[in-house]
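Working notes, beginning with the structure itself.
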Amino acid sequence: MERQLIALLAVVLVSGCAAPPAQPAFVDQQQYAKAMRDSASNLTWPDGRRPDLDVLAEKSGPGPDKAPAGSERIVLEMTNSCAWYLGWDDARKRGDQAAESKALKVMDEVLPKFSPEDPDGQRYARQAAAKAKAGDGSLAADYVANNCDSVLWK
Amino acid sequence: MKRALVGLLAVGFAMLSAAPAQAASTTITVPFKHNQITWFTTARTITVAGSDIDAQVAYGGIMQLAWYKCGDRNTRGAFVRMEETRKHVGTNFRAGTKFCLASNSPYTEGTVGGTLWWSGN
């Protein structure tokens, strides 16, 4: 019996050691800002449309409270969508066809994959890209007007 | 401990409410704290211009809901006391708007279930 208990204890210990380190469930403002800086570098941004991450974290972070870990992702994806819609419009205005094509590719292939928890948002992104490819920037413009005004671009 | 529990419920809220977002309504489970705002981070998109955000909750304590811009907590609507009948949380949103929800209570804390409507309403 004693041998069985020791063996069981060994299994439990090994299982515990093999488990990945637990991630914090909640983050404070400082941790939120760091996560935002780290995650932003995993996204691509068009020329001239990089957000001021300090301002973004200040406006969207938990302040004196806590935020669920990973919640910076939604804000970054929204901001990245703003950047590419605006970048596409910037490129059109200056007649930069290469930049315009690159922006359209991101709008078509990347932005609709953001925020799977919001299928309406994914559908909106698909429609915005389809319209933009046809030369109609109305949905992209609506998105920018309604979601991007608090972003400070660098 | 209490804050951690409420926070955990907030995560649960975000996860539970994520599934049926194809429709313009979903069931919600909303934890709320006494005199402290709980910021939920599930984003939803208004797809029909002029839509309202409505909610109703089951009996479960006096709580309030507000909408806010997910990327800017200073841009938000007033807190609206939730009841067992459907009430406006915000009105006349433009298509393409992404919003999140926040809760609080001037009297108590707890968790309440209900329904949220946000597009074509």
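Compute the FRET efficiency between A:A130 and A:A25 as 1/(1 + (r/R0)^6), taking r as their Cβ-Cβ distance and R0 = 30 Å, and round to the nearest 0.05.
0.20
Students often forget the sequence filter, so: which aspartates and glutamates lie under 16 Å Cα-Cα from A:K59 once same-chain residues fewer than 8 apart are removed?
A:K59 reaches A:D28, A:E72, A:E77, A:D149, B:D72.
Straight-line reach only, C-alpha to C-alpha below 24 angstrom: list the lysines that A:K66 could link to, leaving out same-chain residues fewer than 8 apart.
Correct list for A:K66: A:K34, B:K2, B:K33, B:K69, B:K98.
State log₁₀ I(q)/I(0) for region A:13-154 at q = 0.11, 0.18, 0.20, 0.22 Å⁻¹ as given by the Debye formula over alpha-carbon point scatterers of equal weight, solvent excluded.
-0.46, -1.01, -1.17, -1.34
If I model a spin label at B:T75 and A:R50 as a point 7 Å from the Cα along the Cα→Cβ vector, what separation in nanometres do I get?
In this crude spin-label approximation the distance works out to 2.3 nm.
If R₀ is 30 angstrom, what is the calculated FRET efficiency for the pair A:A98 and A:D149, using the beta carbon separation as r and rounding to 0.05?
Efficiency, rounded to the nearest 0.05: 0.60.
Computed from the coordinates by the stated procedures, all read-outs in this text should not be read as laboratory data. What you are looking at is a predicted structure, and each value in this text was computed from that prediction instead of being measured. Neighbour counts are summed over all protein chains in view; Cβ atoms, including those assigned to glycine, are modelled from backbone coordinates with ideal geometry.
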